[in-house]
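Structure record follows, encoded as structure tokens.
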Amino acid sequence: MIFDILSFGFMQNAIVSGIAISLICSTVGLFLVLRKFSLFGDALAHSAFGGVALGLFLGFYPLWAAYAVSILSALGLTKIRQKYDISGDAIIAILLSSGIAVGIVLISLSGGFSIDIFSFLFGSVLLVSTENVIMILGLSAAILIILIICYKKFMYITFSEEQAQVSGIPVQKLNYLLIAIAGVTVVTSMQLVGVLLVSALFVIPNVTAMMFKRSFKQTIILSMSFSVFSTVAGIMISYPLDIAPSGMVVLLAITLFIGSLIMKSAGMIKTTGIQPKIH
């Protein structure tokens, strides 16, 4: 049965793209969660939804418009937050509500909701084309390479931004880089779980991994493992049952989280190594 499912080209595209998206979401998401920006991915997704609506309204390819709007919104509001000392949760609320508002207005002006809009809202990983898979793999590889190169600096800034700045690390530039990467990651992952559930891939695998209180590198590996398992299993289970892959992916991630909670309560999780800080 499994091999029969994997023989379909669209399933191969879905799984390959799903694995790539899972890897970048779990990695970028860990830095956001540790910085108390757990909902930033959700806010960026709603902002990207406004970009999708803008692209459809103007006749552009929706994803390119979403990438542009998501990155510009994230960078712009980050600059506003720094300049006017506005709290992170307030910025997230502004970004979230403005993205949805713009999207709804543009959708209304263009004649209402369509199949394209619903695919961005709820994800359409089974409809990912070979061209999209190549784009996803290329963007994912670029993001992972940047994260590997800047890994130590990002980690230093995440745990102690003040000390990193004193040490001569260009904190502001790296913060902008991370935010831009998050924007690209969000739009890329919309094809898997859609706007409404995109933050789940950023938060749930990381929170689950952090309960094991391992070293920073081990936490990233655990998060990646949980994310990839949830994605691949979710896609495989959803197809024969004829249900939305996005919902199944998130439900499996939540199942792993609940299972980890039970294991921790029962004392089955032994913590070792350097514990990443959870704020």
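Hydrophobic, long helices, defined as DSSP H runs whose alpha-carbon span along the helix axis is 24 Å or greater and whose mean Kyte-Doolittle value is at least 1.6, occur in the chain at 9-34, 88-109, 130-149, 171-210, 245-265.
In this structure, the pairs whose alpha-carbon distance is over 24 Å, taken from LYS36/LYS83; LYS173/LYS213; LYS36/LYS79; LYS36/LYS153, are LYS173/LYS213. Using the alpha carbons alone, the radius of gyration of the chain stands to its Kirkwood radius in an Rg to Rh ratio of 0.97.
Protection proxy ranking of 209-217, 260-268, by the mean of other Cβ atoms within 10 Å over each peptide's residues and highest first, is 209-217, 260-268.
Mean residue ellipticity, 222 nm, helices only, the chain: the sum of -39500 (n - 2.57) across DSSP H runs of n ≥ 4, divided by residue count and rounded to 500, is -27500 deg cm²/dmol. Packing, as the average of other Cβ atoms within 10 Å across residues, places the peptides 14-22, 185-193 in the order 185-193, 14-22, highest first. The C-alpha atoms of segment 156-273 occupy a region whose extents along the principal axes are 55, 38, 18 Å, arranged from largest to smallest. May I ask for the net charge around THR208, where only other residues with Cβ less than 14 Å from the Cβ of THR208 are counted and Lys, Arg are +1 while Asp, Glu are -1? That works out to +3. Distance between the modelled labels on LEU261 and LEU144, one decimal in nanometres: 3.1 nm (7 Å Cα→Cβ projection). The ratio of the alpha-carbon radius of gyration of segment 138-208 to the globular-protein estimate 2.2 N^0.38 Å is 1.24.
No value in this document is a laboratory result; all are computed from the given coordinates. Since the model is a prediction, treat every value here as computed from it, not as a measurement. Positions of Cβ are generated from backbone atoms using ideal geometry, with glycine treated the same way; all protein chains shown enter the neighbour counts.
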